[in-house]
Amino acid sequence: MRKSALTLFFVGVILTQCIVGQVNTVRLKDIGNIIEARENQLMGYGLVVGLRNTGDSRQTGVTNAALRNVLGKLGVPLATALNTRNVASVIVTASLPPFIKPGQHISVTISALGDSTSLVGGTLLLTPLKGPDLNTYALAQGPIIVGGLIEQTEANRYYRNQTTVGTIPDGAIVEAEVPVTFSDRHNITIVLNNSNFITVSRATEAIQEYGYLGARAIDANTIKVPLSDLASDDL
C-alpha cells in the first residue's frame, strides 16, 4: 500500500526522538525496534583465490570440484584437479538491512570452510548471496581484509587473532529488495529489546506525548501504534 513507506518513516522519527524515563533519558530506538522493519540474513558459498599456499589441501574435494565448475563455465575445462593451495572454499554471510535498494552496497563476512590456514591476501570470486527462500538478493566479490596474522619458523608458529575469517566492507551489491509486509494492517508494532512493564509504560507515554495518542502497550515489551495516527488521508 502507498502509505507503508510513509508510516514506517514516521515511526522511525518516533524511535529517534522519543525519550523514555525522566532521570536516565534514552532514545527509544536504542532499546527497541519495529517488527515490520527487520533485517534479513544472507548466505552463500564461494571461492577465495590468490592465497599464498595457505588455501585448502587436495583432501578438501569440494574446493577442487567448485573450482573445476567455475573454470568450466569460463571456458577453461580441467581434466585433473589442480595441485595448488592457493584456493579456499568459504562461506559468505551478510545482513540485508530493511528498505535497502538494488544497487546499494552491504558488507560481507568470509569464513573458511575447508582446511585453509589463512585467507590473508585472498580475493573472493563472484558469490551469490541467498536468503532462506533460496532467492539471490546480493552478489559479493572483492579483496578480503583479514585482521589476523600467522607467522612460522622452523621451530615455532605464531598466531594473532583469526586468520581464517575476513571481511569485505561494502563488498556486495544488492540485487533485489525484500518487500516490507504488514501482518497487522492496522498498526505498527514496536518491540523493546528487554521486557519490562515500567519501561514499556514510559515508552508508551512518551509516544503519546509526541502526538500519537492511539499508542498502547500490549504486554511487557510490545507497543502498537495505529496507522491512522501515523499518516493522514492526504499523504
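The values are calculated or read from the model by the stated rules, or taken from the named source; none is laboratory data. A quick note: this is a predicted structure, and the numbers were derived from the prediction, not measured. Cβ: placed from backbone, ideal geometry, glycine included. Neighbour counts: every protein chain shown. Each accessible area value is taken on the protein alone, full model and side chains, heavy atoms only, with ligands, DNA and RNA left out. Shrake-Rupley method; radii C 1.70, N 1.55, O 1.52, S 1.80 Å.
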* Structure fact -> Expected output for the stretch 33-61 (first residue farther than 30 Å from Pro98 by Cβ and small (Gly, Ala, Ser), partner open to solvent by 20 Å² or more (accessible area, probe 1.4 Å) and at pLDDT 80 or above, Cβ below 7 Å, 6+ apart or cross-chain) is Gly50/Asn86; Gly50/Gly121; Gly50/Thr123; Gly55/Arg85; Gly55/Asn86; Ser57/Arg85; Ser57/Asp115
* **Residues (open to solvent by 40 Å² or more (accessible area, probe 1.4 Å) and either within 17 Å of Ala176 (Cβ to Cβ) or of a type in the set (A, V, I, L, M, F, W, C) (or both)) located in the stretch 96-108** => Pro97, Pro98, Phe99, Lys101, Pro102, Gly103, Gln104, His105
* What's the number of the condition Ile145 fails, among (1) open to solvent by less than 60 Å² (accessible area, probe 1.4 Å); (2) at pLDDT 80 or above? -> (1)
* Hey, any hits in the stretch 125-137 for a residue that's modelled with pLDDT under 90, part of a loop (DSSP other than H, G, I, E, B) and farther than 21 Å from Lys101 by Cβ? -> no
* **Residues within the stretch 50-65 that are farther than 17 Å from Thr163 by Cβ and of a type in the set (A, V, I, L, M), tallied** => 2
* Asked: Is there any pair linking a residue in the stretch 143-172 that is hydroxyl-bearing (Ser, Thr, Tyr) to one that is exposed (fewer than 14 other Cβ atoms within 10 Å of the Cβ) and at pLDDT below 65, with Cβ under 9 Å and at least six apart or on different chains, and which?
  -> Tyr158/Leu149; Tyr158/Glu151; Tyr158/Gln152; Tyr159/Leu149; Tyr159/Glu151; Thr163/Leu149
* Structure fact -> Restricting attention to the stretch 66-94, the residues that are open to solvent by less than 50 Å² (accessible area, probe 1.4 Å), out of contact with any strand residue (DSSP E or B) (no Cβ under 8 Å at 6 or more places or on another chain) and within 26 Å of Thr167 (Cβ to Cβ) number exactly 1
* To do: Residues being out of contact with any helix residue (DSSP H, G or I) (no Cβ under 8 Å at 6 or more places or on another chain) and part of a loop (DSSP other than H, G, I, E, B): count how many of those fall in the stretch 188-210.
  => 4
* Listed residues Val70, Val108; which is among the hydrophobic types (A, V, I, L, M, F, W, C) and more than 25 Å from the chain's Cα centre (by Cα)? -> Val70
* Asked: Can we say Glu175 is of a type in the set (Asp, Glu), out of contact with any helix residue (DSSP H, G or I) (no Cβ under 7 Å at 6 or more places or on another chain), surrounded by fewer than 19 Cβ atoms within 10 Å (Cβ to Cβ) and at pLDDT 85 or above?
  -> yes
